[in-house]
1. Only residues in segment 24-49 that are hydroxyl-bearing (Ser, Thr, Tyr) count as the first member; pair them with residues that are at pLDDT below 95 and in a helix (DSSP H, G or I), Cβ under 6 angstrom, at least 6 apart or cross-chain, and list the lot.
2. Quick one: GLU59 ticks every box in (1) assigned to a helix (DSSP H, G or I); (2) surrounded by 11 or more Cβ atoms within 10 Å (Cβ to Cβ) bar one, so which box is it?
3. Based on this model, can you work out whether GLU43 counts as of a type in the set (D, E, K, R), surrounded by 15 or more Cβ atoms within 10 Å (Cβ to Cβ) and either part of a helix (DSSP H, G or I) or over 16 Å from the mean Cα position of the chain (by Cα) (or both)?
4. For segment 1-17, how many residues are of a type in the set (Gly, Ala, Ser) and closer than 16 Å to GLN30 by Cα?
5. Do you know which of the residues in segment 50-74 that are of a type in the set (D, E, K, R) and free of Cβ contacts under 8 Å to residues at least 12 places away in the same chain is farthest from GLN8 (Cα to Cα)?
6. Report, by residue number, each residue of segment 15-40 that is within 14 Å of ASP5 (Cβ to Cβ), of a type in the set (Gly, Ala, Ser) and in a helix (DSSP H, G or I).
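The values are calculated or read from the model by the stated rules, or taken from the named source; none is laboratory data. What you are looking at is a predicted structure, and each value in this text was computed from that prediction instead of being measured. Positions of Cβ are generated from backbone atoms using ideal geometry, with glycine treated the same way; all protein chains shown enter the neighbour counts.
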Amino acid sequence: MPATDALQPPLTKAERQICKEYGGWTNFMQSMGLKPWDSDDAEEGKAILAAFAMRDKEEEDKAANNKTNSSSGSKSG
């Protein structure tokens with residue numbers, strides 16, 4: 001684990017999962033072209049993670065809604 005992973009700000013469970021998929025905070029930040037030791041970049045990285053997590057939640061909600069609608073539609077008839 002890189003030492004800069006210790007600079008990771010507090011994250012939600014969803015944000016931590018996304019960060020983990022990149023191999024940790026340092027790898028996530030570098031993937032986004034950001035420096036994990038720079039506080040302005042860390043704020044931007046946190047905002048990116050929050051946006052990714054929100055998008056994932058919206059997609060999950062939409063998929064669940066579509067599944068519910070298709071299930072109820074197949075029962076009527």
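1. That search, which allows pairs on different chains as well, returns THR26/THR4; THR26/ASP5.
2. Status for GLU59: all satisfied but (2).
3. Details: of a type in the set (D, E, K, R): yes; surrounded by 15 or more Cβ atoms within 10 Å (Cβ to Cβ): no; either part of a helix (DSSP H, G or I) or over 16 Å from the mean Cα position of the chain (by Cα) (or both): yes.
For GLU43, the condition - of a type in the set (D, E, K, R), surrounded by 15 or more Cβ atoms within 10 Å (Cβ to Cβ) and either part of a helix (DSSP H, G or I) or over 16 Å from the mean Cα position of the chain (by Cα) (or both) - is not met.
4. Step one: of segment 1-17, the residues of a type in the set (Gly, Ala, Ser) are 3, 6, 14.
Next, only the ones that are closer than 16 Å to GLN30 by Cα stay: 3, 6.
Selection size over segment 1-17: 2.
5. If we filter segment 50-74 for residues that are of a type in the set (D, E, K, R), which is where we start, we get 55-62, 67.
From what is left, the residues that are free of Cβ contacts under 8 Å to residues at least 12 places away in the same chain are 55, 58-62, 67.
Details: ARG55: 21, GLU58: 25, GLU59: 26, GLU60: 26, ASP61: 28, LYS62: 30, LYS67: 36 Å.
Per the stated criteria, the residue is LYS67.
6. Across segment 15-40, the qualifying residue is only SER31.
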